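The structure appears right after this line, and notes come after that.
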Amino acid sequence: MAHELPYIAAIDEAITLEMQRDDTVLYFGQNMATTENEPYVDAFGKDRVRVTPISETAEIGMAVGAALAGFRPVVELYMAEFMLVAMDQVLNEAPRFRSMSGGQVKVPLVLKAGYGFTAGWAGQHTGTISSLFMGVPGLKVVVPSTAADAKGLMATAIRDDNPVVYLHHYLLTLEHGEVPDGEYLVPFGQAAIRREGGDVTIVATGWMVDRALGAAERLAAEGIQAEVIDPRTLAPLDTQTILESVDKTGRLVLVDQATRHASVASVIAGEVAEYGFSSLKAPIVQVTALDATIPYSEPLEAWVLPNEDKIVAAVQQVLGTAPVTA
Amino acid sequence: MKASPLDGEQALRLLATMWRIRLFEERVGQLKRADDVHGLVHLSTGQEGVAAAVCSQLRDDDPVYSGHRAHGHAIAKGAPLDRLMAELMGRDGGLCRGLGGSMHVVDVEHGFMGATGVVGGNIPIALGSALAARRLGRDSVAVVFFGDGAVQAGQFNETVNLATLWRLPLILVCENNGFAEFTPRSAHTNVERVSDVVAPYDVERDTVDGNDVVAVWDAFGRYLASARGGRGPFLLECLTYRLGGHYEGDPGKYREALAAADWQAKDPILRLQRHGIAQGWFAADVLPALESEAAEAVEQAVRFGRESPFPPVELIEAMVYADA
């Protein structure tokens, strides 16, 4: 059975279910639990749900220490960029501890943060900085694009024995979707094929998945059938599903809200160029944000981002059907 | 729980520990110069008194963290010399199977939760250990060693704030050797005493002569007894002296060498030996055996390290993720 929920509520449902199921799950962050009426405090008490000062380094470091002692902390960071304040903990302490100790410890924790809030939030709150995390051995990186995945990936993240960066897209916050009831786990490292098609493969993550599906509908009207793949987790990355699709279609368009030179698109392009070159009938095209800080001004903000028009044009380019411009 | 004053038996135990640290590190310095120890090492010669007086009072279930100058803390906490030496030599028999090295030594069995190569990087992690102890309802106490250089870093201040706000059983032990790496304290802060930095938080704190093992023992013992009873945090600043450079091979051009006679007066081992004899705790003739037993254990550790194979390359990827 399933029920309909907004994306953000699906995340909360997963955290709540995991906290009910497992007493070692802790939840802390800024501005949480500031009143007696917060649902998490009501349900789990102020010992498990803690409000912290604006101290990202201490919050994440403390999560590492608690994880070493057997807890499963979820740290509410709100904005992915706030992790930049605490990069030593995120990149150089939490994910390396297990390896550097020769396997003596494990560090199960979840760093929950929103990203990509391109709705006038300007330069420091709108970035898609997932590639900073996906290149760090020991970290897992999750980017749900639907309400069901938001729930299932959060539950899996909490149960994972490694540090997981859970990146929810702010523009999906109120998007509704069908969410399975009760316990629901989405495995890491398994891409979802959101739409099947034989002419071109489009890979997209997060908010870009819906843009890619919109472009695919427009292309279908032209008789072009696009396959749309959502990797769902960036680390581990399911390159196998992408390679199999490219083997079928021979053409690949990569859509990523990140800047071109720090994107999962460039990583996938490298993998396909190396392992799927003989399948390709045309060069890979990447549709990414410009290598620029997201501008505040609304038309400029839209200009730097991928959109349906750019995806349609990229597909036409790889198919050699692009309209000839004078 | 009350702290017990240092007695003759404990003093001999501390001396044995300090000799093990001193001779282990001197040997590591030689092995580094001979390239048997492959990487960067930071030695604590001159600071052994703090490690011994603090760690000897702790249990295996008291998590201890240290910075990049960590060999002494690991040894005092119970890390076996042979597996520590093998770790520094990058061997499979090392505590971390050769994957961590000097700056990342971890010995979970003895509650040594790790060194860090980033100054101050694990101070908030120790805070998490203290939070966990509280949540588990245990009387274990988290201890983190750091130098005076870490005090100007944000991690320290964020940790002190949260530890005091939540009254967690954490003891912050600052080894103030007057140098943050190569820079004297006066060049990077106007606050001379680390214990003054935390004054506004009303942390219970003290500054002691870190080369006076009795003073460190007493001050730390008091804080430990309180922390076992559920109080905290505490800050103990130990003024000490790093006899060598920041790292092994440091030419040390930024300071003058200490005169031999001045070092005789400061050396925590010699001081405790003189003190113990004056107190009538032991006779001078029992002391040489402590040094020679430590020397023998160190040589045994070197043999163990040399005989241990390098780790298999398969280990590298197997250690990246916990479920690999």
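Please treat every number below as a calculation from the coordinates, not as lab data. The structure presented is a predicted model; accordingly, all values stated were derived computationally and were not measured. For neighbour counting, all protein chains shown are included, and Cβ atoms are generated from backbone atoms with ideal geometry for every residue, glycine included.
A Gaussian network model of chain A, with springs between Cα atoms under 10 Å, assigns the largest mean-square fluctuation among A:H169, A:H261, A:H125 to A:H261.
Looking only at the stretch B:8-318, where both bridge partners belong to it, what percent of the DSSP beta bridges are antiparallel (to the nearest 5)?
Values: 3 of 25 bridges.
Once the DSSP bridges in the stretch B:8-318 are tallied, antiparallel ones form about 10 percent.
Shown here: the protein assembly as shown, whose C-alpha atoms stretch 98, 58, 45 Å along the first, second and third principal axes, sorted largest to smallest. Here's how it looks for A:R50: its modeled amide H is under 5 Å from those of A:Y27, A:F28, A:G29, which are all 5 or more places away or on a different chain. Need the list of lysines near A:K248 for cross-linking: C-alpha distance under 24 angstrom, and skip anything on the same chain fewer than eight residues off. The reachable lysines, counting only those whose Cα sits under 24 Å from A:K248, are A:K281, A:K310.
With just the Cα atoms defining each centre, how far is the stretch B:176-243 from the stretch B:67-93? Give it in Å. So the separation of the two Cα centres works out to 24 Å. Along its principal axes, chain A has C-alpha extents of 65, 43, 42 angstrom, given from the largest down. In order along the stretch B:35-42, the phi-based Karplus estimate (6.51 cos²θ - 1.76 cosθ + 1.60, θ = phi - 60°) of 3J(HN,Hα) comes to 6, 6, 9, 7, x, 6, 10, 10 Hz; Gly and Pro are listed as x.
Simple spin-label estimate for A:Q225 and B:Q279 gives 8.7 nm between the two label positions (7 Å along the Cα-to-Cβ direction from each Cα). Ranked for footprinting exposure by Cβ neighbours inside 10 Å, fewest first, A:I8, B:I21 give A:I8, B:I21. With a 10 Å cut-off around each Cβ of B:93-104, the average count of Cβ atoms from other chains is 3. Using all pairs of distinct alpha-carbon atoms, the Kirkwood hydrodynamic radius of the stretch B:38-117 works out to 12.1 angstrom. With the simple spin-label model, which puts each label point 7 Å out from Cα in the Cβ direction, the A:E298 to B:R303 separation comes to 8.1 nm. In the elastic network of chain A, a GNM with C-alpha springs shorter than 10 Å, the most mobile of A:T205, A:T146, A:T57 is A:T57.
Once each part is reduced to its C-alpha centroid, what is the distance from the stretch B:51-66 to the stretch B:246-263 in angstrom? The stretch B:51-66 and the stretch B:246-263 have Cα centres spaced 28 Å from each other. Just to confirm my numbers, what's the Cα centroid distance between the stretch B:134-170 and the stretch A:279-321 in Å? Answer, in whole Å: 48. For the stretch B:108-117, backbone phi angles converted through the Karplus equation (6.51, -1.76, 1.60; θ = phi - 60°) give residue-by-residue couplings of 4, 4, 9, x, 8, 8, x, 8, 9, x Hz, Gly and Pro being listed as x. Rounded to the nearest 500, the helix-only mean residue ellipticity at 222 nm of the protein assembly as shown stands at -12000 deg cm²/dmol, with each DSSP H run of n ≥ 4 adding -39,500 (n - 2.57).
The average projected area of the stretch A:2-180, computed from the convex hull of its Cα atoms over all directions, is 9.9 nm². Rounded to the nearest angstrom and listed largest first, the equivalent-ellipsoid semi-axes of the stretch B:8-318 from its Cα gyration tensor are 28, 24, 20.
Give the lysines reachable from B:K266 as a straight Cα distance under 21 Å; neighbours fewer than 8 places away on the same chain don't count. Hits, sequence-local ones excluded: zero. Cβ-Cβ distance of B:K2 and B:H38, R₀ of 41 Å, FRET efficiency by 1/(1 + (r/R0)^6): the value works out to about 0.35. Would you mind getting me the FRET efficiency between B:Y254 and B:E26? Use the beta-carbon distance for r and R0 = 22 Å, nearest 0.05. Approximately 0.45, to the nearest 0.05.
Here the relative contact order of the stretch B:1-157, from alpha carbon pairs under 8 Å that lie six or more residues apart, stands at 21 percent.
What is the antiparallel percent of DSSP beta bridges lying wholly in the protein assembly as shown, to the nearest 5?
Values: 13 of 72 bridges.
Taking every DSSP beta bridge with both residues in the protein assembly as shown, the antiparallel ones total about 20 percent.
Taking θ as phi - 60° and the Karplus parameters 6.51, -1.76 and 1.60, the scalar couplings of the stretch A:276-283 work out to x, 4, 6, 7, 6, 9, 8, x Hz in sequence order, x denoting glycine and proline. Provide, as a two-decimal number, the C-alpha radius of gyration of the stretch A:187-326 over 2.2 N^0.38 Å, N being how many residues it has. It is 0.99.
Computed FRET efficiency, Cβ-Cβ of B:R59 and A:T34, R0 35 Å: what is it to the nearest 0.05?
My answer for the efficiency is 0.40.
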